[in-house]
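The values are calculated or read from the model by the stated rules, or taken from the named source; none is laboratory data. The shown structure was predicted, so the numbers you read here are calculated from the model rather than taken from an experiment. Ideal geometry is used to build each Cβ from the backbone, glycine not excepted, and the neighbour counts take in all protein chains shown. For accessibility, only protein heavy atoms count, side chains too; no ligands or nucleic acids. Shrake-Rupley method; radii C 1.70, N 1.55, O 1.52, S 1.80 Å.
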Amino acid sequence: MTSESLSADLRRLEEIVRLLEADDTDLDQALLLFEEGVAKLRAARERLSEAELKVQRVLEDAAGQLKVEDLSE
Amino acid sequence: MRPPSRADRPVDLFQGETALPPDRPTAFSVSQLIAHLKGAVENSARQVWIKGEVSSLKSFGKGDWYFTLRDAESCIRCVMWKTYTAKVGEPPPDGTEVYALGNPTVWEKKGELKFPVVVMLPTAGTGLQQLGKEKVRAALEKDGLFAPERKRPLPEFPAVLAVVTSQDGAALHDIIIVARRRWPRVRLLIVPAQVQGDGAPAALVRAIGRVNRLEGVDLCVVGRGGGSREDLLAFDDERVCRAIAALRMPSISAVGHETDLSLADLVADVRAATPSAAMELALPDRAHYLRHAGSLGSRLAHGLRRRTEVLEARLSRSSDRIRTSIGRRIGDPRALLQRLAGQLEALSPLKVLGRGYSVARLADGRVIRRRADLSAGTPFRLRVSDGEVPARAEGQA
């Protein structure tokens with residue numbers, strides 16, 4: 001499945017930043033938005049952090065079953 | 001060296017060890033054989049016209065052309081030197097059907113048949129291959145497989161990416177390199193397939209079918225590295241094109257070719273020139289998104305600071321107003337304190353005693369206020385400003 005949550009997190013973060021930058025947000029709301037924004041930012045950074053690329057190979061056995069096995073270069 | 005056998009008599013390499021003539025005690029050397037075959041080929045067909053499709057034409061130096069002429073069954077390597085190509089002008093595009101005049105020969109160094117062309121003329125029709133491709137194109141187009149409204153957008157952050165390609169080619173290596181750099185969180189599912197030769201279309205169709213049977217694949221790349229026109233034929237195959245069109249997820253074609261598009265390119269949702277380019281299109285760039293997240297982070301902090309600064313300014317204005325209004329009412333707090341201390345002092349009983357008054361109390365501490373409080377001989381204590389004096393009533397008042 002696609003990393004929909006990263007996409008959603010970034011979009012919400014952009015919205016929060018716009019709201020915070022607008023002048024008609026009161027302090028209570030601004031603090032709540034900021035808190036939520038920090039959480040989204042942390043989640044997004046987590047998803048953007050380094051990772052080991054996973055490469056797998058798909059083969060079909062004699063019975064017609066698909067097998068997925070790790071592929072080392 | 002004289003050919004070991006006369007050109008008009010067939011050579012029998014295996015005519016038997018038993019029958020080796022005394023002047024030829026060992027086997028032929030390779031060059032002896034080739035020299036013989038060269039003689040045979042050059043004698044068999046002197047100058048001939050042949051008809052075929054040009055493919056894999058490469059121009060070297062100032063216009064020496066190397067290419068293959070082919071028909072449905074066979075092909076032959078050709079060379080046309082610049083003296084002759086000058087009369088033709090531009091090199092014909094791959095797939096063009098031509099008449100070529102030349103002397104067939106054997107290229108001794110490689111032991112290969114070779115056709116050096118001296119005259120090239122275009123035939124009226126286009127080449128067979130080209131014709132076949134046009135038929136397939138028309139069929140696919142009729143079924144609406146090239147329609148722009150069929151094109152699906154690529155997912156922004158694919159988590160699982162299937163790649164149908166040769167397991168041995170350089171393409172796979174490039175694909176892994178780009179994935180590692182751009183988006184290492186992706187899971188690459190390599191679905192190996194033969195990508196050239198007779199079995200390639202069927203192998204590609206099977207591999208693409210496997211991708212469709214896998215669950216959770218977000219995007220599929222189908223392709224191979226660069227090759228000659230013949231090497232890429234499978235990507236013009238109707239079955240392969242229909243298999244790509246039937247993929248459940250968006251697809252990118254990546255057929256490394258130099259000139260015109262393959263039909264697979266027209267069917268896929270997105271076309272890339274090479275497998276590496278396909279990966280660039282398929283995967284988001286981690287570095288870009290890190291920068292984006294960083295900039296959103298600083299805007300977030302700045303946004304909150306601005307908000308609190310506005311409030312701080314308002315607060316400090318209000319607190320100033322409060323201070324002035326209270327100040328107006330109570331004046332300087334030090335003066336107030338002095339005034340209060342004065343009032344307190346005035347109320348102190350010691351001050352009254354200091355003026356000459358005294359307080360008389362019974363032994364139990366009750367203050368004597370009336371005559372009835374005393375009888376003759378009752379002891380009591382008199383409190384004056386600097387202490388107490390014991391006393392006694394003289395008689396009943």
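Details
- Among (1) away from every other protein chain (no Cβ under 14 Å); (2) open to solvent by 20 Å² or more (accessible area, probe 1.4 Å); (3) over 16 Å from residue B:208 (Cβ atoms), the one test that residue B:309 misses: (1)
- Residues in segment B:69-88 that are within 17 Å of residue B:122 (Cβ to Cβ) and under 43 Å from the mean Cα position of the chain (by Cα): B:69, B:70, B:71, B:78.
- So residue B:205, is it open to solvent by 10 Å² or more (accessible area, probe 1.4 Å) and either out of contact with any Leu (no Cβ under 8 Å at 6 or more places or on another chain) or facing chain A (nearest Cβ under 7 Å) (or both): yes
- Criterion violated by residue B:119 - all others in (1) within 22 Å of residue B:244 (Cα to Cα); (2) out of contact with any Ser or Thr (no Cβ under 7 Å at 6 or more places or on another chain) satisfied: (1)
- Matching entry among B:319, B:295, B:262 (being of a type outside the set (A, V, I, L, M) and within 14 Å of chain A (Cβ to nearest Cβ)): B:295
- Scope segment A:23-73; condition hydrophobic (A, V, I, L, M, F, W, C), assigned to a loop (DSSP other than H, G, I, E, B) and more than 9 Å from chain B (Cβ to nearest Cβ); matching residues: A:62, A:63
- Restricting attention to segment B:178-211, the residues that are farther than 12 Å from residue B:235 by Cα, of a type in the set (A, V, I, L, M) and either free of Cβ contacts under 8 Å to residues at least 40 places away in the same chain or touching a helix residue (DSSP H, G or I) at 6+ places or on another chain (Cβ under 8 Å) (or both) total 9.
- Those helices (runs of 4 or more DSSP H) of segment B:214-298 in which at least 2 residues are open to solvent by 20 Å² or more (accessible area, probe 1.4 Å), considering only elements entirely within it, cover B:238-245, B:275-282.
- Conditions (1) open to solvent by less than 30 Å² (accessible area, probe 1.4 Å); (2) at pLDDT below 90; (3) not in a strand (DSSP E or B): number failed by residue B:125: (1)
- One residue alone among A:50, A:46, A:15 is surrounded by fewer than 16 Cβ atoms within 10 Å (Cβ to Cβ) and under 30 Å from residue B:166 (Cα atoms), and that residue is A:50.
- For segment B:160-199, a residue qualifies if it is open to solvent by 30 Å² or more (accessible area, probe 1.4 Å) and facing chain A (nearest Cβ under 8 Å), and the qualifying residues are B:167, B:173, B:180, B:185, B:187.
- Of all residues in segment B:53-72, those that are free of Cβ contacts under 8 Å to residues at least 12 places away in the same chain have Cβ atoms under 8 Å from Cβ atoms of residues that are open to solvent by less than 70 Å² (accessible area, probe 1.4 Å) and among the hydrophobic types (A, V, I, L, M, F, W, C), 6 or more apart or on another chain, in B:58/B:65; B:58/B:67.
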